[in-house]
Each structure stands twice: as structure tokens, then as C-alpha cells.
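Notes to accompany the following structure.
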Amino acid sequence: MMTTLLTLLEQNIINQYQKGFPLCSQPYKVIADELNSTEEEVLSAILKLDDAGILSRIGPVFNHKKAGSSTLAALAVPEESLDEIAEIVNQFEQVNHNYAREHSYNLWFVVTASDDEALAQVIEQIEQLTGYQVLVLPMEASYHIDLAFNINFSQHQLGGH
Amino acid sequence: MSSLSSQQQHLQENHRTENMQNEFTAELLSANQLQKLREILECGLPHVAQPYLAIAEKVSATEAQVLAQIEHWQTDGLVKRFGLVVKHRQLGYKANAMVVWNIADEHVDRVAAMFSSCPEVSLCYRRPRRLPHWPYNLFCMIHGTDRSIVLAQIDAMVEKFSLQDIEKDILFSFKAYKQQGARYGKKGLTNG
């Protein structure tokens with residue numbers, strides 16, 4: 001297993017700019033000024049995080065409720081066909097997260113679409129293509145969302161693969 | 001739920017009033033430009049020194065218009081945060097547990113508030129039960145570096161909040177097949 005060691009600059013960028021990324025003409029320069037670095041160094045740090053597969057993207061995280069229709073969904077499939085079924089589900093661009101989990105419902109994914117009708121169509125297509133009934137679990141109330149949690153870099157080694 | 005087009009109208013109206021005192025005295029973007037801007041942003045900023053300018057060129061707008069629009073979406077609540085989206089697995093957070101609980105309806109808000117006060121809980125949602133297959137109505141997500149630590153955290157929550165008799169299940173993830181931002185934009189094109 002390869003180990004990715006992050007520089008202090010990279011760690012600070014991750015911990016400080018998961019929200020409040022500068023909205024101005026030269027955002028990387030603003031970050032550089034705040035972190036005592038240079039625009040070039042910040043940009044190359046971002047590129048490195050991207051290359052290492054750590055950075056998914058820099059951009060907005062939409063409020064699902066306001067942005068359209070979405071739901072958590074799950075399938076219970078035989079273990080030996082999990083990879084195959086996961087590939088079928090992944091083909092849908094409306095599926096943005098898809099994980100295998102330890103349970104009889106072993107494939108868990110999030111479906112997002114422009115509206116409820118479009119969402120229902122995707123679910124139906126997934127059922128037809130996989131042959132399994134989808135467990136549909138839309139959010140009814142959101143109590144707490146903190147996706148931009150602070151990563152404690154001193155606690156552990158970083159592993160990539 | 002309001003349709004995308006009425007939302008856009010709403011945005012544009014707000015935008016218009018805000019523009020009067022805004023330093024960006026930019027022209028409003030058309031519905032098509034808004035749609036395209038959203039699609040581009042969903043894929044992330046380009047890694048260049050002036051990313052908003054690069055995006056502005058793609059939607060035939062000015063940099064000031066793009067910046068004002070993103071600020072507006074943030075104020076409006078459509079965008080809940082704007083910044084780096086990281087892949088936690090790649091950072092060593094590989095023990096990702098979805099803990100699901102069957103909490104009596106009359107207690108669910110109170111229990112959810114207790115869960116939300118725990119720093120290790122990153123998400124907490126209520127979802128419908130689907131009987132007989134799925135009895136759970138409260139979901140919380142715990143990301144950790146190590147399975148045993150996460151299990152100990154869950155035990156501590158059970159102890160602290162006296163949930164020993166509550167039916168629950170712990171679903172650790174063991175493979176990420178896909179992890180990307182939501183793509184609402186695509187299908188919405190016809191709404192523009």
C-alpha cells in the first residue's frame with residue numbers, strides 16, 4: 001500500500017476550505033495570503049490532492065431539498081453478484097454515491113433527479129435492469145449535517161491505493 | 001416542491017433587488033446560462049488561477065456575473081457550502097458506519113437531537129420504515145479511521161443515552177463503487 005504524506009499547506013487547505021472557498025477573481029491567491037504561501041504553491045497543492053485521488057472537486061454542495069428530488073436507496077443482492085449489480089446501478093448518472101455495506105441490504109446508493117417523477121423513473125429502471133426490488137428511503141427530516149468535518153492529521157497515517 | 005423554473009424565477013427576483021446595492025452591477029443571467037453554470041459547477045472548478053473567469057467564458061457571461069450568482073445561491077440556501085469536497089477513504093477514514101435505529105415516533109426528534117450533539121456523528125436523518133423488511137427510522141453516519149474505534153463510539157452512545165433496549169443495526173461500508181457530486185443539472189435542461 002502506498003502512503004501519501006501531505007504537507008502542512010495541503011492539510012491546511014483541506015481543513016480550512018471545505019466551506020467558504022473564496023469567491024473572487026483569484027481565489028488561490030487569497031488562500032495563499034491567508035496561509036502564508038504563494039498562488040503557485042496553492043495551485044500545485046490542489047493539483048497534487050487531485051492526482052492523489054483525495055480531492056473529489058472544488059465547488060458547491062447543493063441542498064438536496066431545494067435542488068431537486070433525491071433519495072437513499074438499497075438493494076439486497078447475493079454476494080457473488082454484488083460487483084455486477086453495482087456496475088449496473090453506477091451506469092445511471094443520477095446515482096452519485098454507491099457503497100457496499102455489511103447487511104442483507106448490501107448495496108446502498110443515493111439517487112438524485114430534477115423532480116420526483118424523474119426520480120421514480122430511475123428507481124423503476126434500476127429495478128428492471130437488476131431484477132431486484134429497491135428499498136426507497138427518502139429523507140423525512142435532517143437533524144445534523146457536517147460533511148466538512150475537521151480531519152485530525154496527527155492521529156493516523158494517510159493511506160491511498 | 002417547487003419546480004426548477006419557478007425557483008429560477010425566484011432567484012432572479014431576489015437577485016434583481018440585491019443587485020441595486022451589490023458591488024457587482026451585473027446583468028442577470030438567462031435561464032439557459034443559469035442551467036449551464038450549474039452543470040459546470042457540479043463538476044468542480046477548473047484548476048487555473050482564475051477559475052470563475054474560465055467558467056464565465058463557457059457560459060458567455062462575465063466573471064462578476066458568475067461570482068454574484070454563486071453568492072446568491074449561497075444566500076438563498078440552494079448551495080449549502082462551497083469548497084473542497086474530499087474523499088474521506090483516501091484520507092484514511094475507511095471505517096464508515098451507517099447506524100440505523102428503530103426509535104418510537106414520539107421520541108425520534110429528541111433522540112436525533114442527542115445524536116447530533118455527538119462530535120463523531122457527521123449526519124443524522126429520519127427516514128421512513130419499510131415493514132416488514134426495514135424497521136429503522138433514524139440514521140446516523142460515523143466516519144472513523146478504525147472499526148474498533150467506531151464500534152466503541154457507538155457503544156458509548158448507547159450507554160450515554162440509555163438505548164440498550166432499542167433495536168439497531170450497524171452497516172459498515174466495505175467498498176465505494178461511486179462517490180461524486182450530485183448531478184441535478186442534466187435533466188433540468190428542459191425546465192430552463
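The values are calculated or read from the model by the stated rules, or taken from the named source; none is laboratory data. Here the structure is a predicted model, which is why all the values come from computation and not from measurement. Note: ideal-geometry Cβ built from the backbone for every residue, glycine included; neighbour counts use all protein chains shown. Ligands, DNA and RNA are excluded from the accessible area calculation, which covers all protein heavy atoms including side chains. Shrake-Rupley method; radii C 1.70, N 1.55, O 1.52, S 1.80 Å.
Tell me: how much accessible area in total is hidden between A and B, 1.4 Å probe, Å², nearest 100?
8200
Counting only heavy atoms of the protein chains, get the accessible area per residue of chain A (1.4 Å probe) and round it to a whole Å² value.
46
Keeping all protein chains in position, work out how much accessible area B:Lys175 exposes to a 1.4 Å probe, and write it in Å² to the nearest 10.
80
With θ taken as phi - 60° and the coefficients 6.51, -1.76 and 1.60, list the Karplus ³J(HN,Hα) couplings across segment B:166-171 in order, rounded to whole Hz; mark glycine and proline as x.
Once rounded to whole Hz, the list reads 8, 5, 8, 8, 10, 10.
Taking a 28 Å limit on the Cα-Cα distance, which of the listed pairs B:Lys36/B:Lys94; A:Lys29/B:Lys87; B:Lys87/B:Lys160 fall beyond it?
B:Lys36/B:Lys94; B:Lys87/B:Lys160
What does the structure give for B:151-160 when I average, per residue, the other chain Cβ atoms found within 10 Å of the residue Cβ?
0
Magnitude of the Cβ-charge dipole of segment B:88-172, K/R +1 and D/E -1, about the Cα centre, nearest 20 debye?
It comes to approximately 360 debye.
Could you work out the relative contact order of chain A, using alpha carbon pairs under 8 angstrom and six or more residues apart, expressed as a whole percent?
It comes to 28 percent, rounded to a whole number.
When you look at the Cβ of every residue in A:88-101, what mean number of other chain Cβ atoms sits within 10 Å?
So the per-residue partner count for this stretch is 5.
Per the Debye formula with a single identical scatterer at each Cα and no solvent contribution, what log10 I(q)/I(0) holds for segment A:64-137 at q = 0.19, 0.26, 0.28 Å⁻¹?
Debye intensities relative to I(0), on a log10 scale: -0.69, -1.25, -1.43.
Give the distance, in whole Å, between the Cα centre of segment B:110-160 and the Cα centre of segment A:3-51.
The distance from the Cα centre of segment B:110-160 to that of segment A:3-51 comes to 33 Å.
On the accessible surface of segment A:1-57, probed at 1.4 Å, how many percent belong to carbon and sulfur atoms?
52
State whether segment A:32-89 is rounded, prolate or oblate according to the following rule on the C-alpha gyration tensor (a ≥ b ≥ c being the square roots of its eigenvalues): a/c under 1.5 gives rounded; otherwise a/b larger than b/c gives prolate, and the remaining case gives oblate.
Note, shape of segment A:32-89 comes out oblate.
Mind checking the mean number of beta-carbon atoms from other chains within 10 Å of the Cβ atoms in B:46-52?
Other-chain Cβ atoms within 10 Å of each residue's Cβ, averaged: 6.
Starting from the Kirkwood Rh over alpha-carbon pairs, what translational D in µm² s⁻¹ does chain A have by Stokes-Einstein at 4 °C and 1.567 mPa s?
It comes out at roughly 70 µm²/s.
Need the per-residue list for segment B:73-89: every residue with at least 40 Å² less accessible surface in the complex of protein chains than in the chain by itself, probe 1.4 Å, sorted by number.
B:Leu78, B:Lys80, B:Arg81, B:Phe82, B:Gly83, B:Leu84, B:Val85, B:Val86, B:Lys87, B:His88
Taking the solvent-accessible surface of protein heavy atoms with a 1.4 Å probe, what is the per residue accessible area of segment B:46-192 in Å²?
Per residue, segment B:46-192 has an accessible area of 43 Å².
Ignoring ligands, DNA and RNA, what percent of the accessible area of segment B:77-173 is carbon or sulfur (1.4 Å)?
Its accessible area is 51 percent carbon and sulfur atoms.
List, largest first, the extents of the alpha carbons of segment B:68-192 along their principal axes, each in whole Å.
The Cα atoms of segment B:68-192 stretch 51, 36, 29 Å along the principal axes, largest first.
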